[in-house]
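Read-outs throughout are calculated quantities, based only on the coordinates presented, and are distinct from any laboratory measurement. Note that this is a predicted model, so its numbers are computed, not measured. Cβ placement follows ideal geometry from the backbone for every residue including glycine, while neighbour counts extend to all protein chains displayed.
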């Protein structure tokens with residue numbers, strides 16, 4: 001077959017799946033498997049909010065498109081929720097429903113970043129943000145932040161060190177994926193003030209806002225509504241990751257630009273997924289969260305204790321420094337040893353410059369499976 | 001509120017919804033509404049292939065993510081279908097499941113076009129292709145084709161006139177949206193040969209492949225498998241537009257680049273939507289299509305006859321030259337007159353340089369509603 005034409009170099013620079021080599025190795029594993037690499041939940045969504053609960057008798061035409069911005073009644077429910085949570089008056093014109101928070105972050109980055117512009121990404125970070133910036137031909141700049149900053153002033157000096165004339169966006173994730181840390185309100189205030197001074201956008205990824213165990217989640221939009229697009233997810237909130245339904249909230253005039261990007265990425269968010277999330281917003285979703293949050297916390301505490309690391313402040317992850325257990329094969333060797341015991345972890349380099357780290361999700365499988373997986377990991381780390 | 005930072009000029013150059021001004025006018029309309037502007041169907045999907053038919057009892061974990069490329073058994077079913085239809089041996093490594101064909105075209109354009117490169121778009125064209133190219137900072141070049149080319153040789157000379165050193169992709173849509181024309185195999189052969197000669201990619205949008213009434217649909221992949229990404233949709237095929245499930249098929253090595261783009265646009269395609277489409281592929285979907293194709297054809301024939309235009313060869317659209325009915329207000333005035341009678345059409349400029357055209361979908365509402373809407377249009381066009 002003749003050779004195909006060239007592909008785009010920016011996309012070539014995006015890392016492909018970091019799991020595939022290890023996945024092939026895992027396929028040869030005999031015995032129980034512990035898939036603690038992905039951020040997901042073992043639970044089904046709340047009753048009444050599942051696909052089987054949505055019928056064409058109740059919702060005729062439910063397999064047709066909605067408007068690209070979102071289904072009207074759902075936009076209104078999300079706007080009301082955003083108003084109540086942030087204290088910022090929020091109308092439907094401030095809201096865009098998206099294919100998961102991935103679609104929301106993509107629309108925000110696509111609308112605000114021009115080729116060659118730089119996005120400062122507080123690290124460690126959600127793995128997809130780097131590739132999203134590259135997709136739109138921007139330049140991702142990792143800013144090691146968690147564990148580096150220890151005050152509002154140092155938070156600002158950390159980001160300021162990386163700012164250039166090409167910087168256009170600051171990306172923040174709190175509660176943080178992968179560390180679980182919750183960035184304090186006073187630090188966010190200082191960062192928002194700094195962003196305003198330099199006329200930068202803020203993309204604030206808050207998909208774990210409902211999973212805070214220690215501290216309080218603060219909304220960047222409350223502090224800088226004119227320059228913040230916050231992104232949220234029903235994936236994480238209500239256990240509907242496969243539905244691909246999330247949203248972005250921000251100032252209405254530039255939000256129209258986000259709508260253009262999302263319309264051309266996936267047109268509209270799946271109609272049934274919007275209906276399921278709207279149902280969950282009637283109280284069923286929040287009750288579901290209230291019911292499982294203590295269980296998530298207990299799982300996190302137990303995993304942290306078994307692994308000898310600090311308890312998570314939020315999210316569903318622990319980010320482990322495994323440097324003391326690495327031999328000449330490096331991190332890949334350690335992760336291969338894990339795979340040979342059925343344990344799948346996410347490699348540190350997916351989250352920024354962390355060649356000696358690995359991420360564990362403590363909710364991605366049934367609690368007994370997670371517990372056995374954590375035991376395997378504790379053994380490999382020499383914990384007794 | 002302080003002013004927000006600047007947004008990206010390429011995105012600013014994407015047209016927003018062409019419907020919104022007219023939609024506000026329509027909201028004031030009293031009486032029946034004829035929404036013939038959108039490409040959709042009034043039918044529900046086949047029984048057994050609706051959301052209500054997918055239960056967590058049968059599919060535990062069905063609200064969780066699948067792998068970004070797609071759900072394994074579904075990838076296999078799609079690969080088998082692509083092999084059978086195109087005659088090109090197709091494996092799962094050649095297939096990417098996407099959020100509708102929109103996601104498939106976006107992944108293909110994102111992976112193959114670098115900023116400043118040009119995409120030749122055979123016009124009239126599907127409205128989103130222009131914005132997709134701009135989203136990835138490429139340059140869309142409209143190539144008036146349908147009605148211009150009348151032989152394989154003239155097809156090539158039409159595209160060759162627009163080729164520059166910056167051209168990287170040729171975008172083809174057949175059966176054509178909005179004209180319904182089916183591009184003959186001999187023309188596609190000549191275009192593929194020309195693309196090979198100049199080392200161009202081909203993105204072949206074939207979402208109406210199942211709705212051909214006159215002529216035969218030919219697959220570009222059969223002719224140039226090394227450089228063609230074809231895009232397909234369960235939206236159109238099986239009446240599942242709101243599910244957002246489609247796919248791209250092409251050479252495996254560069255397909256890995258498309259997976260990177262789609263992963264960063266929407267991560268994975270909704271799990272329930274993949275399950276619904278997989279069910280439809282067991283024969284239920286094809287039977288549904290076989291059942292409604294004659295009805296679609298009859299609707300198209302009746303609309304074409306009433307409006308005094310040629311019968312559609314495929315798709316669910318008619319593209320009308322309304323120039324003889326335009327007054328000093330131009331197309332907007334004509335479309336406003338339609339809206340004042342409850343009739344919504346898609347404006348010609350969405351499809352390329354067609355200031356005197358409008359598109360009608362003859363399947364977007366119940367047949368009796370469509371028929372009354374077509375009557376309204378016939379009256380405005382002075383047909384008796």
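Among A:53, A:327, rank each residue by its count of other Cβ atoms within 10 Å, from fewest to most, as a rough exposure measure. Numbers along the way, then the final one.
Working: A:53 18, A:327 8.
Final ranking by Cβ density, sparse to dense: A:327, A:53.
Centre-to-centre, using Cα atoms only, region B:91-142 and region B:344-362 are separated by 21 Å. Using the Cβ-Cβ distance between residue A:340 and residue A:309 with R0 set to 30 Å, the FRET efficiency works out to roughly 0.85. Extension gain for residue A:83 to residue A:216 (0.36 nm times residue separation, less C-alpha to C-alpha distance): 46.1 nm.
Calculate for chain B the 222 nm mean residue ellipticity that helices alone would give, adding -39,500 (n - 2.57) per DSSP H run of length 4 or more and normalising by residue count, nearest 500 deg cm²/dmol. If you can, show how the numbers build up before the last one.
Numbers: 14 runs with 151 residues, N = 384.
Helix contribution divided over all residues of chain B: -12000 deg cm²/dmol.
Within region A:62-283, DSSP assigns beta bridges of which about 30% are antiparallel (rounded to the nearest 5).
Expressed as a whole percent, how much of the Cα-Cα distance distribution for region A:73-194 exceeds 20 Å?
51
For the segment B:104-111, counting C-beta atoms of other chains within 10 Å of every residue's C-beta and taking the mean gives 3.
Take every Cα-Cα pair in region A:22-136 and report what % of them are more than 21 Å apart.
Details: 4183 of 6555 pairs.
More than 21 Å apart: 64 percent of the Cα pairs in region A:22-136.
Label-point spacing for residue A:383 across the identical copies (point 7 Å from Cα in the Cβ direction), in nm and ascending order: 7.3.
For residue A:253 and residue A:293, the difference between the fully extended length at 0.36 nm per residue and the C-alpha to C-alpha distance is 10.8 nm.
I want the antiparallel fraction of DSSP beta bridges within chain A, as a percent rounded to 5. Show your work: numbers first, answer last.
Values: 16 of 37 bridges.
Once the DSSP bridges in chain A are tallied, antiparallel ones form about 45 percent.
Overall shape of chain B was characterised from the C-alpha gyration tensor. The equivalent ellipsoid obtained from it has semi-axes of 31, 26, 22 Å, in decreasing order.
Sorted by average packing, counted as other Cβ atoms within 10 angstrom per residue and highest first, what order do A:219-232, B:339-352 take? Could you put the intermediate results ahead of the total?
Numbers: A:219-232: 24.1, B:339-352: 21.7.
Result, highest mean Cβ count within 10 Å first: A:219-232, B:339-352.
Per-residue mean of foreign Cβ neighbours for B:49-61 is 5 (Cβ atoms of other chains, 10 Å radius). Please report, to two decimal places, log10 I(q)/I(0) for region B:276-358 at q = 0.12, 0.14, 0.15 Å⁻¹ as given by the Debye formula with identical point scatterers on the Cα atoms and no solvent. Normalising to I(0) and taking log10 leaves -0.51, -0.64, -0.70. Placing a label point 7 Å from the Cα of residue B:253 along the Cα-to-Cβ direction, the distances to the matching points in the other copies come to 4.9 nm, shortest first. The order of A:143, B:203, going from fewest to most other C-beta atoms within 10 Å of their C-beta, is A:143, B:203. Inter-copy label distances for residue B:186: 8.0 nm (label point placed 7 Å from Cα along Cα→Cβ; shortest first).
Shape class for region B:60-282: prolate, because the ratio a/c of the largest to smallest gyration tensor axis (alpha-carbon atoms, square roots of eigenvalues) is 1.5 or more and a/b beats b/c.
Residue A:371 to residue A:151: FRET efficiency via 1/(1 + (r/R0)^6), r the Cβ-Cβ distance, R0 51 Å, to the nearest 0.05? Before the final figure, lay out the partial values.
Numbers: r = 37 Å, r/R0 = 0.73.
Efficiency, from the Cβ-Cβ distance: 0.85.
Pairwise inverse Cα distances across the protein assembly as shown, averaged and inverted, put the Kirkwood hydrodynamic radius at 26.8 Å.
Beta-bridge orientation, the protein assembly as shown: approximately 45 percent antiparallel, per DSSP, counting only bridges with both partners inside.
Reported to two decimal places, what Rg/Rh ratio describes region B:1-69 when computed on Cα atoms with Rh from the Kirkwood expression? Walk me through the numbers on the way to the answer.
On the way: Rg = 21.1 Å, Rh = 18.2 Å.
Over the Cα atoms of region B:1-69, Rg/Rh equals 1.16.
Distance between the 7 Å Cα→Cβ label points at residue A:165 and residue A:17: 4.3 nm. Relative to one another, the C-alpha centroids of region A:227-260 and region A:1-47 are positioned 24 Å apart.
How do the peptides A:258-265, B:28-35 rank, highest first, by the average count of neighbouring beta carbon atoms within 10 Å per residue? Can you show the working numbers first?
Details: A:258-265: 26.8, B:28-35: 13.5.
My ranking of the peptides, most packed first, is A:258-265, B:28-35.
Tell me, what is the FRET efficiency for residue A:186 and residue A:326 to the nearest 0.05, using R0 = 22 angstrom and their Cβ-Cβ distance as r? Rounded to the nearest 0.05, the efficiency is 0.05.
Mind checking the mean number of beta-carbon atoms from other chains within 10 Å of the Cβ atoms in B:240-247? Provide the component values of the computation, followed by the final result.
Numbers: counts 5, 7, 16, 8, 11, 1, 1, 0.
Mean number of neighbouring Cβ atoms from other chains: 6.
Just B:59, B:238, B:362 to compare: in a GNM of chain B, with alpha carbon springs under 10 Å, which one fluctuates most? Highest fluctuation among the options: B:59. Kirkwood-type hydrodynamic radius, region B:143-227: 13.0 Å, calculated from all non-identical alpha-carbon pairs.
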